[in-house]
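The values are calculated or read from the model by the stated rules, or taken from the named source; none is laboratory data. On a predicted model such as this, the values are computed, not experimentally measured, just so you know. With ideal geometry, Cβ positions are generated from the backbone for all residues, glycine too; neighbour counts draw on all protein chains shown.
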Amino acid sequence: MHRTATSLLAVVFAVLLACAFLQAKYPWLAGLSWLRAFAEAGTVGAIADWYAVVALFRRPFGLPVPHSAIIPQNQQRIAESLGKFVEANFLAPELITGRLSGHNAAQALALWLAEPRNSRAVGDVVADSLPRLLNGIDDTQVDQFFERVAMPQLRTLDVSRAIGEVLEVLTEGNHHQPLLDRGLAGLEQWLAANVDLIKAKFSEASRYTPAPLDAYIVRKFVEGIVALLHEVAASREHALRHQFDAAVQDLIVQLQRSPVYRRFGRSLMRDCLRHFRNEAYAQRLLDHVRARVIADVERDDSIVRGALAGVLATLGKSVSEESAIQHKLNVWWLELARELVVRYRHRLSALITDVVKGWNAQEVSSKIEAEIGRDLQYVRINGTLVGGMVGVFLHGLALVIVT
């Protein structure tokens, strides 16, 4: 395009020279005046537009013409103006949030995560980062965490009250009854497996009774106990069950209110913490977790990878079906976007300014010229043609006025 525009300039200039020569030799050829007017104005237009295009990027013929090489000479000012322009027109908080508010980002992300292959891919990325994360944890950092964060909280923990609250939760709705059934079955198995031991102990305590009598008494005792256990296991309203429930409720009250139990709980916690610190269980725990996680994520059937993928897929499906959650997430996302834009828009603007200032002026000028070069050359071509037509128009207008 550069060669085309330059060739067109050369053509109209050649036509101008030819017309001037022919007019001097053949003045009676009236049509030459019109062609000369076109060529003369076209040459002026082509040269003017050539100068305008060249002056943007460099000095014409290297001459120190004022207000030329505009882009290289004004790079610093252009960089600052560009940074301010982007900040004012692209990083306005209202503009950013206005564009984002029309898009349900939470639903789109949730639907994407609900796809198994996507959740698996994200889970793999998280799983692959776990070994680096765990290996990056220093043992001293773990010790500091337990000493400064975990230990003070555990020292003030009311163990007795916490155990009482746990028992209270377990006893709500008779959730503890299956544990009692397990205990009854276990006691029956123990009695059946230790009849001989009971007989021996009974015989030691009753030295003056015959052995057959001892065996008979023990057998009847064990059978009676087993029968009682069966009755308790078969009846939900058995008196022993009610006594067990009453004992558990009394224990819950004592654990939550008794100063003796609470002092014992605190003492027990202090002893456990002292033992935990002396035996360096924090490092052992970290080493164990690190070894197990690293070994698991390297397996093809990794439990960690499967769990992460399952959690992400379930989370995506749940969020995609709950419009209320989507609304809350979108509101949070818009507030976050606004906060980030307000906080960092000036830094982004400064970044753009610094980057543009750091560019090589001549190189940038050449790249910009190459990017928009075709249009710039069309400016030269159009200037040639439009100038020629204006020259013809003015020539005709002058003839009309003269005549």
Just checking, does segment 357-364 include any residue being assigned by TED's automatic domain parsing to the domain that holds LEU56, of a type in the set (Gly, Ala, Ser) and in a helix (DSSP H, G or I)?
no
Which condition number does VAL402 fail, the rest of (1) surrounded by fewer than 11 Cβ atoms within 10 Å (Cβ to Cβ); (2) of a type in the set (A, V, I, L, M); (3) at pLDDT 85 or above; (4) more than 30 Å from PRO93 (Cβ to Cβ) being met?
(3)
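Table: residues versus (1) acidic (Asp, Glu); (2) in a helix (DSSP H, G or I); (3) surrounded by 13 or more Cβ atoms within 10 Å (Cβ to Cβ); (4) free of Cβ contacts under 8 Å to residues at least 24 places away in the same chain.
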position	(1), (2), (3), (4)
GLU204	yes, yes, no, yes
ALA227	no, yes, no, yes
VAL232	no, yes, yes, no
SER267	no, yes, no, yes
HIS275	no, yes, no, yes
Flag for ASP301 being without any contact (Cβ under 8 Å) to a residue 24 or more places away in the chain, within 30 Å of THR140 (Cα to Cα) and either part of a helix (DSSP H, G or I) or out of contact with any strand residue (DSSP E or B) (no Cβ under 8 Å at 6 or more places or on another chain) (or both):
no
Output the residue which, of all residues in segment 312-332 that are among the β-branched types (Val, Ile, Thr) and touching a residue at least 12 places away in the same chain (Cβ under 8 Å), is nearest to PRO116 (Cα to Cα).
VAL319
Per the filter on segment 343-353, residues in contact (Cβ under 8 Å) with a residue 40 or more places away in the chain and either over 30 Å from GLY83 (Cβ atoms) or loosely packed, with under 13 Cβ neighbours inside 10 Å (or both) are HIS346
Inside segment 123-181, can you point out the residues that are within 30 Å of HIS230 (Cβ to Cβ), out of contact with any helix residue (DSSP H, G or I) (no Cβ under 6 Å at 6 or more places or on another chain) and either outside any helix (DSSP H, G or I) or not assigned by TED's automatic domain parsing to the domain that holds ARG290 (or both)?
HIS175
Can you work out which of the residues in segment 20-42 that are among the charged types (D, E, K, R) and surrounded by 15 or more Cβ atoms within 10 Å (Cβ to Cβ) is farthest from ALA10 (Cα to Cα)?
ARG36
Going through segment 57-77 one residue at a time, which ones are under 19 Å from GLY373 (Cβ atoms) and touching a residue at least 12 places away in the same chain (Cβ under 8 Å)?
PHE57, ARG58, SER68, ALA69, ILE70, ILE71, PRO72
Under 30 Å from ASP300 (Cβ atoms) and either aliphatic (A, V, I, L, M) or free of Cβ contacts under 8 Å to residues at least 24 places away in the same chain (or both): does that describe SER129?
yes
Residues satisfying the stated conditions in segment 52-106, i.e. charged (D, E, K, R) and over 37 Å from the mean Cα position of the chain (by Cα):
ARG58, ARG59
How many of the residues in segment 65-100 are among the polar types (S, T, N, Q) and exposed (fewer than 15 other Cβ atoms within 10 Å of the Cβ)?
4
Of the criteria (1) part of a helix (DSSP H, G or I); (2) farther than 26 Å from VAL355 by Cβ; (3) at pLDDT below 80, which one TRP50 fails
(3)
For residues in segment 53-73 being in contact with a Ser or Thr (Cβ under 9 Å, 6 or more places away or on another chain) and not aliphatic (A, V, I, L, M), which is farthest from HIS2 (Cα to Cα)?
PRO72
